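Quick notes on the structure that follows.
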Amino acid sequence: MSQDEEARHRAKMIKRKEVQDREVASKTVEKGLLIVHTGPGKGKSTAAFGLMLRALGRGFQVGVVQFIKGAWETGERMALDRFSDQVEWHTMGEGFTWETQDRTRDVAAAERAWAKVKELMAREDIRLLVLDELNIALRYEYLDLAEVVETLRQRRPDLHIVVTGRNAKPELVEAADLVTEMTLVKHHFAAGVKAQEGVEF
């Protein structure tokens with residue numbers, strides 16, 4: 001790069017930094033966020049657990065309530081067991097609905113999980129809650145959507161909540177502060193590759 005090119009680049013980055021600094025300085029609100037990870041692509045729960053890791057690094061107390069997934073041994077659960085003084089983990093589901101094939105059981109499991117969520121939301125020491133696959137429970141109408149959305153809206157001001165699962169309901173999307181839709185571009189499952197330890201679980 002020539003000296004002229006270097007000087008032009010530097011001038012451009014100085015201006016860019018000024019714009020960026022003004023933008024950052026204009027943001028003054030600090031609050032607990034309602035975050036939704038949805039969409040057909042892989043990575044919704046993975047992103048939520050990544051956020052948990054960040055929160056743990058900051059010393060937060062965190063909670064996890066899994067709505068659908070049964071009690072399989074997952075890598076994230078085993079890793080987070082090492083933070084047992086900071087993490088409260090509740091796997092409340094009995095597996096995906098095509099596994100249980102019993103709507104009454106699925107509804108009862110979702111109701112128990114939702115009761116646990118409300119219990120954890122009431123605790124002032126919990127700073128982050130991951131509600132894994134809550135979107136699936138809402139999609140199949142295992143819980144009352146209006147009640148869930150209103151309860152999440154009424155969370156205390158410093159509590160962050162992350163909801164995962166495909167097909168997030170429009171009402172939840174509307175209530176959320178941050179929504180990310182994972183887009184499926186390509187998935188190894190379509191090529192016959194099975195779920196693998198360390199990647200899917």
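Inside the stretch 58-77, residues that are at pLDDT 95 or above and either over 21 Å from residue 114 (Cα atoms) or open to solvent by 30 Å² or more (accessible area, probe 1.4 Å) (or both) make up a count of 4. Out of curiosity, is residue 150 closer than 29 Å to residue 104 by Cα, open to solvent by 70 Å² or more (accessible area, probe 1.4 Å), over 16 Å from the mean Cα position of the chain (by Cα) and of a type in the set (D, E, K, R)? Judged against the criteria, residue 150 is a match. Of 124, 171, 141, which residue is open to solvent by 50 Å² or more (accessible area, probe 1.4 Å) and part of a helix (DSSP H, G or I)? After ruling out the rest, the residue left standing is 171. Scanning the stretch 4-30 for residues that are at pLDDT 90 or above and open to solvent by 90 Å² or more (accessible area, probe 1.4 Å) yields 6, 8, 10, 12, 15, 16, 17, 18, 22, 30.
Are any residues in the stretch 174-201 among the polar types (S, T, N, Q) and either part of a loop (DSSP other than H, G, I, E, B) or more than 15 Å from the chain's Cα centre (by Cα) (or both), and if so, which ones?
Within the stretch 174-201, 183, 196 qualify.
All of (1) over 19 Å from the mean Cα position of the chain (by Cα); (2) at pLDDT below 95 hold for residue 80 with one exception: (1).
The values are calculated or read from the model by the stated rules, or taken from the named source; none is laboratory data. Only a predicted model underlies this, so the values are computations on that prediction, with no experimental measurement involved. Areas reflect the complete protein model, heavy atoms only, side chains present, ligands, DNA and RNA absent. Shrake-Rupley method; radii C 1.70, N 1.55, O 1.52, S 1.80 Å.
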